[in-house]
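Here is the structure we will look at.
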Amino acid sequence: MNRLRIVMIALLAGAVSGAQAASPAAATSSVNVQDLLVGCPTMTHGYGPFDYRTASQDQKNLVEGAHFLPQVENLIRGHRSYLGGDIDYTLRAFPNHPRALMSMMRLFEREKMKIPQGARAPLRCYFEHGIRFREDDPMPRLLYGIHLLKIGQREQAISFLESAGELDDSNPNTQYNLGLAYLQLKRYDEALDYAHKAYGAGFPLPGLRNGLVKAGKWRDPAPEAASAPAESASAPAAVSAPAAQP
């Protein structure tokens with residue numbers, strides 16, 4: 001389990017622990033991408049845009065070496081600009097850059113949803129631009145769902161998380177996050193189903209299981225399901241492609 005996945009899980013686990021109880025409600029996994037980017041400025045591109053999953057290492061190095069150094073990713077200080085400017089440049093070059101989307105999310109959260117210096121648009125526009133840029137990439141949808149869940153927009157979060165799951169139903173991180181989302185909504189059967197899928201794939205964190213146990217809704221999977229060998233889930237290219245950062 002790499003660092004990107006663990007950070008995403010930790011973010012969502014924090015959202016669950018601090019969330020208010022929500023009543024059950026129907027959710028749809030349908031995300032109409034044509035409805036996105038309403039009210040967002042046009043994203044101009046000084047370099048690119050490139051699909052982060054398939055970009056060459058030279059293309060990544062050129063942008064990340066100038067604008068997305070570890071000090072920027074970890075929100076310590078900007079390099080060529082303000083933090084918001086360096087991350088904005090990275091996301092205009094690679095709209096579906098998962099770590100840059102995470103850093104922009106954390107920066108907006110630290111600035112309490114105001115547009116930070118150097119950023120050019122509201123946070124949702126960066127997520128939605130990434131989704132529209134490559135509609136087959138589950139990562140911007142997954143991260144947007146995590147953000148929406150953290151700010152209490154649970155039904156909309158479910159839509160984006162389920163949409164990410166439809167694009168990659170083998171990713172245990174998506175399954176785990178969906179389980180946590182359904183746990184918030186008190187839709188325990190669905191939460192349990194996703195918990196079984198995530199843990200059956202070897203997912204390491206116990207938060208979802210603990211939440212279901214606390215609610216009195218945890219049940220071990222059926223013996224035949226528990227004994228069946230779990231398929232090895234491969235990480236999406238957007239997650240596994242980046243070199244490890246210090």
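A short reminder: the numbers here are calculations on the coordinates, not readings from a lab. Fair warning: this is a prediction, and the values are worked out from it, not measured in the lab. Backbone-built Cβ (ideal geometry, glycine too); neighbour counts: all protein chains shown.
For the peptides 132-145, 86-99, the ranking by packing is 86-99, 132-145, with the highest mean count of neighbouring Cβ atoms within 10 Å listed first.
Distance between the 7 Å Cα→Cβ label points at residue 189 and residue 218: 2.2 nm.
Equivalent ellipsoid of the stretch 56-127: semi-axes from √(5λ) of the C-alpha gyration tensor, largest first, are 19, 13, 10 Å. Using only the C-alpha atoms, the convex hull of the stretch 117-236 corresponds to 118 Å³ per residue. Cross-link pairs exceeding 22 Å between alpha carbons, from the set 186/214; 150/186; 60/114; 114/186; 197/217: 60/114; 114/186. Across the stretch 53-182, the fraction of Cα-Cα pairs farther apart than 21 Å, rounded to a whole number, is 40%. Computed over the stretch 99-140, the range of Cα coordinates on each principal axis works out to 31, 16, 13 Å, biggest value leading.
State the Cα centre-to-centre distance between the stretch 38-85 and the stretch 101-142 in whole Å. The distance from the Cα centre of the stretch 38-85 to that of the stretch 101-142 comes to 12 Å.
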